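S.K.: Sending over a structure as structure tokens; questions will come in a sec.
The values are calculated or read from the model by the stated rules, or taken from the named source; none is laboratory data. On a predicted model such as this, the values are computed, not experimentally measured, just so you know. Neighbour counts are summed over all protein chains in view; Cβ atoms, including those assigned to glycine, are modelled from backbone coordinates with ideal geometry. Heads up: the accessible areas ignore ligands, DNA and RNA and are worked out on the full protein's heavy atoms, side chains in. Shrake-Rupley method; radii C 1.70, N 1.55, O 1.52, S 1.80 Å.
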Amino acid sequence: MSKPLRKVVFPVAGLGTRFLPATKVVAKEMLPVLDKPLIQYAVDEAVDAGADTLIFVTNRYKHAIADYFDRAYELESKLHEKGKRDLLALVRGTLPRHVRAIFVTQPEALGLGHAVLCAKAVVGDEPFGVILPDDLIWNGGTGARKKSALRQMAELAEAEHAAVIAVEEVPHDETDKYGIVAATPIDERSARISHMVEKPKPADAPSNLAVVGRYVLPARIFRLLEQTTPGAGGEIQLTDAIDALLKEQGKVLAYRFEGIRFDCGNKAGLVRATMHMAMQDPQLAPVVREFLGRL
Ligand code: G1P
């Protein structure tokens, strides 16, 4: 893909049933890892990758996400009056000034592919990223700051003129939770995909290389999504449309990003992410160590 990445789509219309009852009223993307909601980690990653237009594909229950990125005038003026500059900066800093947030709705839950298709009119005719905020990817922290996973992928996509999909090895018995790729290695991190399949049973899986929630895609994918019929789970699958892209364009890359991925779509992953982030914090790390010692 020759143009730099400017737009990133966040499919956030899921129900979050694994976190019920909390998700009765709290969007799962608003669940915090320490003091930041999952969606903030995803947005920070998109902005690091160069995005200035963020497209949230949402539904009528997810107003909190729009509110979170909006100005909070009453809170801001109270913090201002009290001279709490640090807190004011935090509250105002959820979205950098040069970045705009656009909300589109997914009227029916017809699958990830359908959610991405809902962003078609806003993305237009340019390459774009997709981030699934459930997958939190930590890239080395703020000290020795490294490139975010999406930035690594955007650079590869631009250099190689190809779509790039993030992948990671998963246990063989978990292939039915992921999109799985068959790929021929190019170097240590990238591989050329020959085939992709959504949630195959372990016996049918072409490998244990799983798609994780980061994609850099060309606008062409929208036409292919329009032609995609319901696949695994009766849903319109992004994986199926990417497989069609592969057959048409011949070059789609799988990329093993540098970073650690936490699957915050389930409780174990959210606990791991929270503990990991706490261990990066000089004040919290000794607290966690001491508490775990006592446990
Ligand atoms: C989605 C994709 C799947 C991918 C996964 C990564 O599945 O359809 O290909 O491996 O995200 O998190 P979901 O987890 O939404 O069922």
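S.K.: Counting helices only, and only those DSSP H runs with n ≥ 4, report the 222 nm mean residue ellipticity of the chain as the sum of -39,500 (n - 2.57) divided by its residues, in deg cm²/dmol to the nearest 500.
M.R.: On the way: 11 runs with 101 residues, N = 295.
Helices in the chain give a 222 nm mean residue ellipticity of -9500 deg cm²/dmol.
S.K.: So, one more: From zero up to wherever the largest Cα-Cα distance of region 1-157 sits, split into 10 Å bins and tell me the percent of pairs in each.
M.R.: Histogramming region 1-157 at 10 Å steps yields 10, 37, 36, 15, 2 percent.
S.K.: Which shape class, rounded, prolate or oblate, goes with region 117-187 when its Cα gyration tensor gives a ≥ b ≥ c as root eigenvalues, a/c under 1.5 marks rounded, and past that a/b bigger than b/c marks prolate? Numbers along the way, then the final one.
M.R.: Working: a/c = 1.38, a/b = 1.11, b/c = 1.24.
The shape class here is rounded.
S.K.: Extension gain Lys251-Val91, at 0.36 nm per residue separation less the Cα-Cα distance, in nm? Mind showing how you got there, number by number?
M.R.: Values: separation 160, 0.36 × 160 = 57.60 nm, distance 4.23 nm.
Using 0.36 nm per residue and subtracting the Cα-Cα distance, I get 53.4 nm.
S.K.: By the scheme Lys and Arg +1, Asp and Glu -1, what is the net charge of all other residues having a beta-carbon under 14 Å from that of Lys3? Numbers along the way, then the final one.
M.R.: Numbers: positive: Arg6, Lys7, Arg220; negative: Asp52, Asp125, Glu126, Glu155, Glu158, Glu160.
The answer is -3.
S.K.: Then there's this: With springs only between Cα atoms under 10 Å, which of Lys82, Lys147, Lys120 fluctuates most in a Gaussian network model of the chain?
M.R.: Looking only at Lys82, Lys147, Lys120, the largest GNM fluctuation is found for Lys82.
S.K.: Kindly express, to the nearest 10 degrees and within the range 0 to 90, the angle between helix 38-48's C-alpha long axis and the longest C-alpha principal axis of the chain.
M.R.: 70 degrees
S.K.: From Cα coordinates alone, what are the radius of gyration and Dmax values for region 31-108 in angstrom?
M.R.: Calculated on Cα positions, Rg and Dmax stand at 13.7, 45 Å.
S.K.: Note down the relative contact order for region 141-241 as a percent, whole number, built from C-alpha pairs under 8 angstrom at least six residues apart. Don't jump to the answer; show the numbers that get you there.
M.R.: Values: 147 pairs, mean separation 29.1, N = 101.
Result for region 141-241 is 29 percent.
S.K.: Continuing with the same structure: P(r) of the chain in 10 Å steps, Cα pairs, percent per bin?
M.R.: 6, 27, 36, 22, 7, 2, 0
S.K.: Looking at the chain as a GNM with Cα springs under 10 Å, which of Tyr73, Tyr61, Tyr41 has the largest mean-square fluctuation?
M.R.: Of the options given, Tyr73 has the highest mean-square fluctuation.
S.K.: Amide H of His195: which non-local residues (sequence gap of 5 or more, or other chain) have their own amide H closer than 5 Å, using H built in the peptide plane?
M.R.: Residues meeting the amide H criterion: Ala182.
S.K.: Rank Lys199, Lys146, Lys62 by mean-square fluctuation in a GNM of the chain with C-alpha springs under 10 angstrom and give only the top-ranked residue.
M.R.: Its mean-square fluctuation being the largest, the pick is Lys146.
S.K.: Given a 1.4 angstrom probe, what's the average accessible area per residue across region 48-97, in square angstrom?
M.R.: Working: 3350 Å² over 50 residues.
That works out to 67 Å² for each residue.
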